[in-house]
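The block underneath contains the structure these notes are about, expressed in structure tokens.
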Amino acid sequence: MAVTFHHFNYPGREEIFKWLYALADEEFVSEVHSIADWKDDPFNEKSIYGQLPVMKIGDEEVFGTEVIARVLAEKFGYMGTTDVEKRRTEVIVHCVCSLAEHVWRAKMEDKDKERRELYIENLRKVILPKALKKYEKMLDENNALQQALKESVKDAETSESTEPVETQSAVITEVVDTSDKAAAEIHFVGASLSLADLYFVWQIKYLHDVTLGDMLDEFPLITALIKQVQALPQLKDFFKKEEPSTEESE
């Protein structure tokens, strides 16, 4: 059944859906609405939620950026490979959503210039450094876990021992050298790309437009993850420089 996305006429919260469809190499129908004419838009009048973006599957309407992204990630295989990975992906996406509210507020909601500047200053000096340190730590811990798992499998393959190899769900307690962290693939969850990675990089993309500056220089793993996602052939067009929008997204 064909999927139709209803969204406003500028890059906004629907872009993460487009990323997922691009990665899956699948097509969808796009219905673009003008935010200036939204009040009198026929879709607004008949839609259940009266907000965008909306994903329509037949007569069903699915609303909510986070909800739609999870539905698509589940469909296309970006929610992890185990129940543990799926739950961790959901948690990280939810945390990124909380950070995203600060991003969207700084970018669009506050029209008072002086108040907006104060808010951005607090975002740069307090909110973002604290949040980015936590995300860097998450990447570091998962990177160490994946390195330990690789070493465990490698040792098992070369050993004469008949004892079973622990699976990825096992707790790895050994200390792993991660001095060359940024050289390997970096992910928030497991050993492959997930919605957690995509959702985070998507929000960082908008942070650059607002207030990020050179802040990422202090976070090598976050920087490595961003470069990995930007280098994906299916997503390169999404990272072309765009003119900043002054319109407000719902």
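Each reported figure results from applying straightforward, stated rules to the coordinates on display, with no laboratory input. Everything numeric here is computed off the predicted structure, so don't read it as measured data. All Cβ positions, glycine included, derive from the backbone under ideal geometry; neighbour counts span all protein chains shown.
Counting only Cα atoms, the size of segment 5-115 along its three principal axes is 44, 41, 24 Å, in decreasing order. Extension gain for Lys46-Ala22 works out to 5.7 nm (0.36 nm per residue, less the C-alpha to C-alpha distance).
A simple charge model with +1 on the Cβ of Lys and Arg, -1 on the Cβ of Asp and Glu and nothing else charged puts the dipole of segment 68-153 at about 180 debye relative to its Cα centre. Cross-linked pairs Lys39/Lys133; Lys86/Lys227; Lys113/Lys137; Lys113/Lys133; Lys133/Lys240; Lys56/Lys137: Cα-Cα separations exceed 32 Å for Lys39/Lys133; Lys113/Lys137; Lys56/Lys137.
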